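Structure record follows, encoded as structure tokens.
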Amino acid sequence: MGGFFAVTSDKDCVFDLFYGTDYHSHLGTSRGGLAVYDGNDFRRHIHDISNTPFRTKFERDIMTMSGNSGIGVISDMEPQPLIISSHLGRYAIATVSRVCNLDALVQDAFNRRVAHFSETGSDGINPTELIATLINEKTSFAEGITYAQERIEGSCSILLLTNNCIYVARDRYGRTPIITARKKGTMAATFETAVFPNMDYKDEYFLGPGEIMRITPEGAEQLRPPNAYKQVCAFLWVYYGFPASTYENINVEACRYRCGEALAARDSVEADMTAGIPESGSGHAIGYANVKTIPFGRPFTKYTTTWPRSFLPQGQTMRKLMARMKLIPVPALVQNKRLLFCDDSIVRGTQLADTIKRLYEAGAREVHMRPACPPLLYGCKYLNFSRSKSEMDLIARRTLRELEGGNDTNMEEYINPESEKYKAMVDRIRQRLCLTTLTYQRLDDLIAAIGLPKEDLCTYCWDGCEGHCGKQMTFDNGHREKEK
């Protein structure tokens, strides 16, 4: 997915920029970048962080950098920030984006003979350079940012550093968050609010969807009001978000406790221990354990000192190796135990299958799994959720096709947790993973745990809902209610 941080101050801001960007390292493992304006020109450093932490790669660079304004980014794939020269002036730009229609936009630019592209990304042209090109077609930064966001299919949040201010723009549908904060003589904007407490900032304002702000050390100025229509990625609270962070005034860790509580409220299984698949499953498991009063334990420990997130590498062999090397079982807590695990989700299922196998090898009597979200049936087309290239990478979609004779039919029934087809799909997944029981979170319970209206959340990966296609849903006797 990626994340970014911006700061502008009446004094040197490089150390704030360094640590603020570093606090986004959990959101990407490919590239890191910093850019500052030093009073005369822009200075930039970009490094590959796939095998080395952000701090290690940049700690020498920051000793050579100075400036009162800067932007930093952790990127899934593309080198950023970029330094751009245009009729609007010289500026640095960083994005958290997914441009699904990139090829069409590039071809349109070629047809109109208005651009060339020199920066490269993982799939050819760097999307951030394309976004800058769209911005440059207009007569002001605010107008250009709005134009770029309107033309992009997918998502696009932007930081744009000029010689006298920083422009901060949230995706037009608000799929990813941005919040501003303040301390004496300094303004900042970021993806993760967890950045602020240890750096003495006070949260100030959550940007709305499509809103554009101009920030200086003196404060923030709204250049474009927010759109009324919002589609925040619900998976932020389930998995991506850092536990200490808050989006839309809803804390991630508190939401995960509520997710676990909802799972427990519908469950009757007996177990000796509740555990989370570390680390993102732990909050859900604590909520579950609090309701069921089943002791919370750690039959797996996670070695994260040198191993990054395992869903990001392209190759399945490397993903599997990383997942295995990170999780270390504790046999003394596993032997002859009935274990109930909460996890954030089940995506491909390949890593989880190996984890379950190792638990049985360590002496577990039963292994029950409670994912904190519904089965993933659709590949996300709005954010860089993972490197999967096909929906057939999703274990739920593969299983659906097996049950439907190789076809994507009866999708509505596989979304409905009360239907027989849904139950058959879940049981087939349970068998494949060698679980004693498997129960997924219901979408209506997940939405209630987050606390926002269904129409304000993007739930596409679970129900295929694109845009404003339904309010809070209920399920009754196998029928999905579209609108209440």
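Derivation of every value follows stated rules applied to the coordinates shown; laboratory data play no part. Because the structure is a prediction, the values reported are computed rather than measured. Backbone-built Cβ (ideal geometry, glycine too); neighbour counts: all protein chains shown.
Compute the Cα gyration tensor for the chain, then decide on rounded, prolate or oblate, letting a ≥ b ≥ c be the square roots of its eigenvalues: rounded whenever a/c is under 1.5, prolate when a/b is larger than b/c in the other cases, and oblate in all that remain. Cα axes put the chain in the prolate bin.
What share of Cα pairs, in percent, lie more than 20 angstrom apart in the range 3-230?
Percent of Cα pairs beyond 20 Å in the range 3-230: 55.
Rounded to the nearest 0.05, the FRET efficiency derived from the C-beta distance between Lys381 and Glu402 at R0 = 30 Å is 0.80. Between the Cα long axis of helix 252-265 and the first principal axis of the chain there is an angle of about 20°, rounded to the nearest 10. For the peptides 9-17, 328-336, the ranking by mean Cβ contacts within 10 Å, running from highest to lowest, is 9-17, 328-336.
The angle between the Cα long axis of helix 102-112 and the longest principal axis of the Cα atoms of the chain comes to about 30 degrees, rounded to the nearest 10.
For an R0 of 56 angstrom, estimate the FRET efficiency from the Cβ-Cβ distance between Ile83 and Tyr360 and round to the nearest 0.05.
My answer for the efficiency is 0.55.
Between Asp10 and Glu59, the simple label model (points 7 Å from Cα in the Cβ direction) yields a spacing of 3.3 nm. Its Cα gyration tensor gives the range 168-229 an equivalent ellipsoid, and the semi-axes of that ellipsoid, as √(5λ) in whole Å with the largest first, are 21, 14, 7.
By the gyration tensor of its Cα atoms, with a ≥ b ≥ c the square roots of the eigenvalues, what is the shape of the range 406-464: rounded for a/c under 1.5, prolate for a/b over b/c, or oblate? Oblate, since a/c reaches 1.5 and b/c is not below a/b.
By the helix-only formula, in which each DSSP H run with n ≥ 4 contributes -39500 (n - 2.57) and the sum is divided by residues, the chain has a 222 nm mean residue ellipticity of -8000 deg cm²/dmol. Charged neighbours of Leu88, selected by a Cβ distance under 13 Å, balance to 0 (K, R count +1; D, E count -1).
On the beta carbon distance between Thr350 and Glu218, with R0 = 41 Å, the FRET formula returns roughly 0.20.
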